[in-house]
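One structure is given here, and the rest of the page talks about it.
Nothing in this text is a laboratory measurement; each read-out follows from the coordinates by a stated rule. The shown structure was predicted, so the numbers you read here are calculated from the model rather than taken from an experiment. Don't worry about glycine lacking a Cβ; one is built from the backbone with ideal geometry, like all the others, and counts go over all protein chains shown.
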Amino acid sequence: MQTPRASIERANDRLRWIALILVFGAAMINYIDRQAIALLKPTLEIEFGWSDLDYAHIVSGFQLATAASMLAAGWFVDRLGLRVGYAIGVGAWSLAGIAHALVTSVAGFVGVRIALGVAEAVNTPAAVKTVATWFHGSDRSVALGIMNMAPNIGAVATPLLVPALAIALGWQMAFVATGALGFIWLVAWLLLPRPVPITVTRTGTEARSPTGIRGLGSILRNRNAWAFAIAKLLTDFVWAFLLFWGPDLFNKRYGLDTAGLALPVATIFMMAAAGSIFGGWLSGHLLRSGRSLDVARKTPMLISAISALPVPLMLLAPNLWVGVGLLGLTLAAHQCFSANLFGLATDLFPTQTIGVVIGFGATFGNLSGLAMLELTGFVLDGTGSYLPMLLLCAGGYASALLAIVLIVPNIDRARPAVEPHG
């Protein structure tokens, strides 16, 4: 006879994959909305006479707003809960995406990008909290890898979808159509039942008890939170740079127009998706093989650090597809690293505080992205060269891994220090 607990576990098991699909969908929509402007840059540049510095200010408005909102977004999701917090965030950023169709000035685009950035700040803490709520043990590593792959699929869909919409219907309708996707997602999210709680003895990668994280003060005193935040600071700028400047890099290096950008940009983000899946799979495989958390998290991070090193050679690439391969390898390294960095956060903190911890780290990640976007605009206006930015990308992951090793020498020992056995 099936016990009540077994029945609850079976119901939760079915629903958790639906929850993961919805998290995946939200992240895809998130990246379509944020990246659409990068694909439309050549068109908007001609229509409105933007300089590279104008574009840098527009995309930096988004990055600054996201950075300023991340910690509050994590608190917001923890406070209101996943169901309400996630729904408000997706609805708000969908409206902001549609609003891009209504503005015509640099100031107007900065304004709607700020609104988009504030609302989209909800996505990362809500997504990680959803996975941490529904998945446990080595399955969580795999789920985080799948979750972390979603932005790449969104980034693949964007160059295939947005230019086609712009050519067929005009750039305004491209923003309207992509923004409207979020409202379809909202219906499915609100229909998803909540997980039924069960009493479990938590082991493996699960947090076993609260860590004392109650507010900003306690976060600032927590070494593990700083390890996560510093690693985000040293790596997230790579993603922001390639997301918003990658199409322009291909445009300037190889003379590609809006239509010609579709396949190269889609390819590098497909490679990024593969990196995310690999990072989640490798970590989960190592855990199932009996390896420690320390080995399971840091091994994929080391592979990522090595894989990113050759990216400056892109400027010497003899043809487009060698360049695509080098940028794609770097994005794959980023996503492999990122999946395990999120895993590290779920290893060290319980689900009831994960939103605010993710928000804290993501604040630093978005600030580094903001600095990189502005630096790129200034460097390009002054020299026209992408080399300084590519050199920074090459060294980011090795620096982040070194910081993690110094702050958290052994992840397995760090967990009991903040999470007593019980």
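Note on the chain: dipole from Cβ charges, positive end direction compared against Ala115, Ala225, Leu302; the farthest Cα belongs to Ala225. 3J(HN,Hα) couplings calculated from phi for region 43-59 with the Karplus curve 6.51 cos²θ - 1.76 cosθ + 1.60 (θ = phi - 60°) are, in sequence order, 5, 5, 4, 6, 5, 10, x, 5, 9, 4, 5, 4, 5, 4, 5, 5, 6 Hz; Gly and Pro show x.
Think of it as helices only: each DSSP H run of n ≥ 4 in the chain is worth -39500 (n - 2.57), and spread over all residues that comes to -28500 deg cm²/dmol at 222 nm.
Each of Asn30, Ile18, Val59 was placed along the dipole of region 14-60 (beta-carbon charges, centred on the mean Cα), and the one lying farthest toward the positive end is Ile18. Note on region 245-306 and region 343-422: Cα centroid distance 16 Å, given to the nearest whole angstrom.
With K and R counted +1 and D and E -1, the other residues having a Cβ less than 12 Å from that of Phe250 yield a net charge of +1.
Taking other residues whose beta carbon is less than 14 angstrom from the beta carbon of Ala56, and scoring Lys, Arg as +1 and Asp, Glu as -1, yields -4. For region 309-396, what log10 I(q)/I(0) values come out of the Debye formula at q = 0.13, 0.16, 0.21, 0.22 1/Å, with one point per alpha carbon and no solvent? Once normalised to I(0) and log-transformed, intensities are -0.58, -0.79, -1.07, -1.11. Just tell me which lysines come within less than 16 Å, Cα to Cα, of Lys298; anything on the same chain fewer than 8 places away is out. Counting by Cα, and skipping residues close in sequence, Lys298 has these lysines nearby: Lys232. Taking the chain as a Gaussian network, where each spring joins two C-alpha atoms under 10 Å apart, which residue of Gly108, Gly145, Gly25 fluctuates the most? Result for the chain, Cα springs under 10 Å: Gly108 fluctuates most. For region 111-125, the Karplus equation 6.51 cos²θ - 1.76 cosθ + 1.60, evaluated at θ = phi - 60°, returns couplings of x, 6, 5, 4, 4, 4, x, 4, 5, 6, 4, 5, 4, 5, x Hz by residue, with Gly and Pro reported as x. Annotation: average projected area of region 217-267 is 4.8 square nanometres, based on the convex hull of Cα atoms across all directions. Each peptide in 332-343, 304-315, 40-51 was scored by the mean count of other Cβ atoms within 10 Å over its residues; highest first, the order is 332-343, 304-315, 40-51.
Ordering Arg288, Arg221, Arg16 by the number of other Cβ atoms within 10 Å of each residue's own Cβ, fewest first, gives Arg221, Arg288, Arg16.
Here are labelled values, (i) 65, 47, 37; (ii) 66, 42, 40; (iii) 135, 88, 40, and one is the computed Cα extents along the principal axes in Å for what I pasted. Which one? It is the value labelled (ii). Highest mean first, the peptides 268-281, 88-101, 401-414 sorted by other C-beta atoms within 10 Å per residue fall in the order 268-281, 88-101, 401-414.
Sequentially through region 66-83, phi angles give Karplus couplings (6.51, -1.76, 1.60; θ = phi - 60°) of 5, 4, 5, 9, 4, 5, 5, 5, x, 4, 4, 5, 5, 6, 7, x, 4, 4 Hz, Gly and Pro residues having no value and appearing as x. Please give the direction-averaged projected area of the C-alpha convex hull for region 80-175, in square nanometres with one decimal. Mean projected area of the Cα convex hull: 7.1 nm².
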